[in-house]
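Written out below as structure tokens is the structure these notes cover.
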């Protein structure tokens with residue numbers, strides 16, 4: 001289960017790019033967050049999904065469930081971090097990362113050059129701040145799903161998606177646990 005639809009779209013594309021065909025056959029992606037991918041309610045919904053699945057075994061039956069949070073959730077908010085609860089496992093996509101030039105969530109796994117291209121295409125707002133003669137550029141994705149679709153259709157390659165291999169490795173290792 002994932003927080004938002006862009007998580008799923010990027011991971012499906014990464015599976016294709018890195019020719020992880022066996023993953024396509026073994027997993028089913030489910031979404032618990034906002035379907036537009038724009039609003040930040042996925043974390044809360046994931047925590048609620050965990051509580052629901054924990055108490056209602058009939059909904060998970062004999063399936064393995066991986067609740068995969070974005071990497072902007074802090075450890076103290078991550079329920080049962082790294083632990084298994086029967087056939088439910090909770091993990092974060094990568095190391096905790098508050099933001100990368102203002103970008104949060106699954107988009108931090110994209111090649112950062114895409115943020116500037118997203119700005120040029122009108123999907124992202126850019127602000128520049130100066131402090132002691134050092135400029136910092138921050139981005140804010142204004143049209144998250146449109147940005148995702150543009151990347152999937154125009155910029156999906158191994159160079160732009162190389163960091164997604166870490167997520168695919170995490171998913172693969174969970175699937176291989178106790179097979």
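Values as computed for the structure displayed
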| quantity | calculated |
| --- | --- |
| Number of positions in the stretch 150-179 that are over 22 Å from residue 123 (Cβ atoms), without any contact (Cβ under 8 Å) to a residue 24 or more places away in the chain and part of a helix (DSSP H, G or I) | 3 |
| Conditions (1) surrounded by fewer than 14 Cβ atoms within 10 Å (Cβ to Cβ); (2) closer than 25 Å to residue 44 by Cβ; (3) in contact with a strand residue (DSSP E or B) (Cβ under 6 Å, 6 or more places away or on another chain): number failed by residue 127 | (2) |
| Residues that are crowded, with 17+ Cβ neighbours inside 10 Å and out of contact with any strand residue (DSSP E or B) (no Cβ under 7 Å at 6 or more places or on another chain), drawn from the stretch 105-124 | 105, 106, 109, 110, 114, 117 |
| Flag for residue 147 being more than 19 Å from residue 11 (Cα to Cα) and modelled with pLDDT of 95 or more | no |
| One residue from 87, 101 being modelled with pLDDT under 85, touching a strand residue (DSSP E or B) at 6+ places or on another chain (Cβ under 7 Å) and surrounded by fewer than 20 Cβ atoms within 10 Å (Cβ to Cβ) | 87 |
| Hits in the stretch 108-149 (condition: under 17 Å from the mean Cα position of the chain (by Cα) and assigned to a strand (DSSP E or B)) | 140, 141 |
| Residue ranges of helices (runs of 4 or more DSSP H) in the stretch 4-78 with at least 1 members touching a strand residue (DSSP E or B) at 6+ places or on another chain (Cβ under 7 Å) and at pLDDT below 80 | 42-55 |
| Every residue from the stretch 125-141 that is in contact with a helix residue (DSSP H, G or I) (Cβ under 9 Å, 6 or more places away or on another chain) and farther than 18 Å from residue 161 by Cβ | 125, 126, 137, 139 |
| Residue in the stretch 137-144 that is more than 16 Å from residue 6 (Cβ to Cβ), in contact with a strand residue (DSSP E or B) (Cβ under 9 Å, 6 or more places away or on another chain) and surrounded by fewer than 15 Cβ atoms within 10 Å (Cβ to Cβ) present | yes |
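The values are calculated or read from the model by the stated rules, or taken from the named source; none is laboratory data. Keep in mind the model is a prediction, meaning the values are calculated, not measured. Glycine gets a Cβ as well: all are built from the backbone with ideal geometry, and neighbour counts include every protein chain shown.
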